[in-house]
Structures are given as structure tokens and as C-alpha cells.
Amino acid sequence: MTNSSSRTHAFTEGVWEAGPFTFESGDTLDRLRIGYSVHGQMNAARDNVVLLMPGSSHDRRGMHGHIGPDRAFDTERFCVVSTDALGLGLASKPSDGLQGRFPRYGIRDLVRAQRELVRVGLGLGDVPLAAVGGTSMGAFQSLEWIVNHPDSARAAVLMVPADRSGQVIRSAMQRMLDILALDPNWDEGRCMQPPTEGLRLVGRQYHAWAVTDAYIESRGAAFEDEARATGDRYATMGAWDVIRRYQCSSAHDVAAPFGGDLKAALARVSARVLLLPCVQDRLLGIEHARVLAAGLPRVQNAEIDSHLGHMAWRPQPGSAETDFLIRTVRAFLG
């Protein structure tokens, strides 16, 4: 493990490796690797651990702004573990060498890997987590976690959540992959040279979908600077890393193993659940969260009214959205 620090608190980072991992598809990896950061101290009973899982375009650091003293996930009370998922950060990913031969994975594959990290890598065994949480794809993972491992977490915090990927996000992600394919360096997936410009345009397109029309208008010319910054971040990713992540998110449906019966899936949940959707989210529309709110046994639905849309979860100190998240999450976990 290595030591690092954020704006207000220190944390440690590590990488957990496991032996052969078999995906739902039947494909295998000889070695599976997951990066993680640990904030705060685990208590003697080991029952104060909160596990946070990332969205499709972020690694373990995406949630760091919500972790720390007096933040949503308070390290004075909890040991908060923020993880990478397959495809980004220190986790196993296509750009390690397999590229397009890297197995297609789904949300349930990510959750099984995270579960082994907790049980074996962190040494918790069967001790329940205080909570699981995440944003967007991380909320997908959190919901799958409490459906498939109902006794393994006492609570769940789902930011910009949904029960499945609807047509809007599937179409948006497919158009982004279509854009990537136009880069000459893509070369039908052979990628002899990184398709950097294609990835940069993918990021810019994503940024426009992740906010609302009202937000774009309010920012004026400054919006282009934001879009360029997002594009520059995407340009540092591996092309197949992005593709496998988008394929994973856009294919998800928590009810699929239950014959499409969402009621049956949600009936398995025993954890208390906090939903934090944004009313104006156009990637994962508010109707998805309201379906979850109607079906989960022990649920609080705290809707965010913000023209930030799908990005309303992003930690922005002093913003109305972040202040709301801090108050709501702390009260829920308390």
C-alpha cells in the first residue's frame, strides 16, 4: 500500500489481485486486479466500512471529493474504501495488452470482483458493510450488490441511479462509439496508434449529454472550455477501455436474471436505501429512480433539482447540490 493525501485528509492506496476470474460470459482472466483507496480507520468490529464504486468515466478518485471529515462520507465515523472497477485506474483493463480480446464484462461481474475484494482483500469475510454506494454505473453496482448479496450491506447510497440503462443512455453511448470509429487510427479496432482525437470528441459529446440545455445556455462560451477539458481527460484513456465500460453500462438491467421481473429483484433487498436522483437528468431519467422508490422495501428518495443533470452528484464545495448531498447522506447514514 502507498500513502497519499487529499485536500483535508490522508489516505492509503492499494491494489488487490486474485487468481482466475470467470465472467458471466464464460470468458476468464488469469489474474484480476482492482485498485482502491482507504480513507479513515476500520474499527475493531470491522463493521464501519463503506464501499464506494465508480461511474463509467471515473476511477476510484471520482468520489474522493465526497470523502472526509464533515463531507458526505465522514471519515471520523467510517472507514471509506473507494474502488476502481474493471477498465480504468489501477484495475485490470483492455489497454494492459488484450485490447479487443479483453472479455466483455457486465455490472454483475464488477460486483462479484468487488465482493471478493471486500471479503478477501480487505479481510472482512462475512462482516456486513456499513454501506455501499456509487454514482451512475457505481449506483448500478450498488443496487446489484444489495440484490445479490442482501446480507452483506446494511445500507446503500445510490446517486443518479436507475434500475437499468434505458434507450436514451444506450443511444448516447452508441453514438459516442460511432464517433470513435471515425478516427483513422481506430482502424477497425486494431488501434496501431491511439485514436486520440476520436477519444477527445467522445469526451466532449459525453459532457453535453451529462448536463442540461439550461446549463449549457447558462455557461455561454465557458461551456466549450468545460467540454474541451472533458475531452482531454478522455484522450488519456485507452480506446478499448472506454468501449468495454460503455458496453457494460449500456447493457445493464438489474431485473434480467429474474426474467425481467423488477419487483422480484427488489424484493430481495433488506438494506436501507437512499436514492439521490436528479430531476433533470437526461441520461438516466428521473422515472427510473421513481420506479426504484416504488419497489424497494426500505427507501428514501431525495430528488435533486438541478440544471447540472447527470452531473449533479459531482462534488463542488459550496454548491447547493453538494450541500444537499452532504446533509442528506450524513443524516441517512446516521
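Kirkwood Rh over Cα pairs of the chain into Stokes-Einstein at 25 °C, 0.890 mPa s: D in µm²/s?
Numbers: Rh = 20.0 Å.
In µm²/s, the coefficient is 123.
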**Prompt:** Quick one: Cα convex hull volume of the range 285-334, Å³ per residue?
**Reply:** 76 Å³
**Asked** Working from the pairwise distances between different alpha carbons, so that the mean of 1/r is found and then inverted, what is the range 1-115's Kirkwood radius in Å?
**Response** 14.9 Å
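Charges only on Cβ, +1 for Lys and Arg, -1 for Asp and Glu: so what's the dipole of the chain about the Cα centre, in debye to the nearest 20?
For this selection, approximately 520 debye.
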**Prompt:** So how far, in whole Å, is the C-alpha centre of the range 34-68 from the one of the range 86-162?
**Reply:** 12 Å
**Request:** Find the relative contact order for the range 93-229 and round it to a whole percent, using C-alpha pairs within less than 8 Å whose residues are 6+ positions apart.
**Result:** 15 percent
**Request:** Output the peptides 218-229, 245-256, 289-300 sorted from most to least packed, where packing is the average of other Cβ atoms within 10 Å over each peptide's residues.
**Result:** 245-256, 289-300, 218-229
**Request:** Please report, largest first and rounded to whole Å, the three semi-axes of the ellipsoid equivalent to the range 222-334, where each semi-axis is the square root of five times an eigenvalue of the C-alpha gyration tensor.
**Result:** 28, 22, 12
**Asked** Tell me, what is the percent relative contact order of the chain, built from C-alpha pairs under 8 Å that lie six or more residues apart?
**Response** 17 percent
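Need one number: convex hull volume per residue for the range 186-275, Cα atoms only, in Å³.
163 Å³
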**Request:** Find, among the GluC sites (Glu not before Pro) in the range 53-147, those assigned to loop by DSSP (not H, G, I, E, B) with at most 12 other beta-carbon atoms within 10 angstrom.
**Result:** Glu76
**Asked** Among Ala208, Ala271, Ala155, which one moves the most in a GNM of the chain with springs linking Cα atoms closer than 10 Å?
**Response** Ala208
**Message:** Connecting C-alpha atoms closer than 10 Å in a GNM of the chain, tell me which of Arg190, Arg115, Arg233 has the biggest fluctuation.
**Reply:** Arg190
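Any read-out appearing in this document is the output of simple, stated calculations on the displayed coordinates, not a laboratory observation. Just so we're clear, the structure is a prediction, and the values are computed from it rather than from any experiment. Cβ sites come from the backbone with ideal geometry, for glycine too, and all protein chains shown count toward neighbours.
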